[in-house]
1. Please compute the modelled spin-label separation between Leu17 and Ala33, points set 7 Å along Cα→Cβ, answer in nm with one decimal.
2. Treat each spin label as a single point 7 Å out from the Cα along the C-beta direction, and report the Leu81 to Gln122 distance in nm.
3. Normalising by the residue count of segment 80-195, find the relative contact order in percent from Cα pairs under 8 Å and 6+ residues apart.
4. How big is segment 148-187 in terms of Cα radius of gyration and Dmax, in angstroms?
5. What accessible area per residue comes out for segment 136-195, rounded to a whole number of Å², with a 1.4 Å probe?
6. Please give the peptides 126-132, 71-77, 94-100 ranked by average Cβ packing (other Cβ atoms within 10 Å per residue), highest first, as a rough proxy for protection.
7. What number results when the radius of gyration of segment 67-151, computed over Cα atoms, is divided by 2.2 N^0.38 Å?
8. Take segment 110-160, compute every pairwise Cα distance, and split them into 5 Å bins from 0; I just need the percent in each bin.
Amino acid sequence: VDPGYSPDLGSAILTPLLIAIPWAVVWFAHTRALRREPAATDPLRALHQARLVSHSVAATALVMGSVAAGWLLGYLVDLALGGERATGPNASTYELGQWLPAAVVGLPAWWWFWRVVRERRQTEPIDEANSTIRRSFLFLTLGVALIAAIAASALILYRLVGVLLDAGIGGDLVSELSTPLGALIAAGAVLAYHG
């Protein structure tokens, strides 16, 4: 990337969103075909297929949206406390252009597919609770969020202990803590909700 290149914020945000449209069309066509196949032969298989689609897309969207949200939260912390990440000439364009589209696409997509899962849970609570697909999704979500929270906490603790012991690590403390702090907030929100 040319450091002198300075796109406007609108194109930096709209370009990734427009690039996502063909992928969404391909996903929709394949999912539709996937759902029609088992529905014709076995209703139970169709239900498993619907669970697999809704949980897998919800998981993918949750990862994309929560990583982007964590990065944006870190940027906001850096911006609020006057760190180095927010002071460059193209800092806002780069940070927002890089992560805002992923948050704008990921979090609503997660909500949409998680809404389907919640509706199925309300209509068939016992079958849904016993579903291996649902349990796998929840354990995987909790495990990944816990690992992210522990890693972010370790980075924050390392940096704070270095400051307290005057280890001379150097660098801007706010900027170095902002990203792990954003990741910790996002992982904590995922853990609190899905837990």
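1. So the label points at Ala33 and Leu17 sit 3.0 nm apart.
2. 4.1
3. This gives 35 percent for segment 80-195.
4. 10.1, 30
5. For segment 136-195, the solvent-accessible area averages 58 Å² per residue.
6. Answer by packing, highest mean first, reads 71-77, 94-100, 126-132.
7. 1.49
8. Values per bin, smallest distances first: 4, 18, 17, 19, 12, 10, 8, 7, 4, 1.
The values are calculated or read from the model by the stated rules, or taken from the named source; none is laboratory data. This is a predicted model, so every value here is computed, not measured. No Cβ is skipped: glycine too gets one built from the backbone with ideal geometry, and neighbour counts run over all protein chains shown. The accessibility values were calculated without ligands, DNA or RNA, using every heavy atom of the protein model including side chains. Shrake-Rupley method; radii C 1.70, N 1.55, O 1.52, S 1.80 Å.
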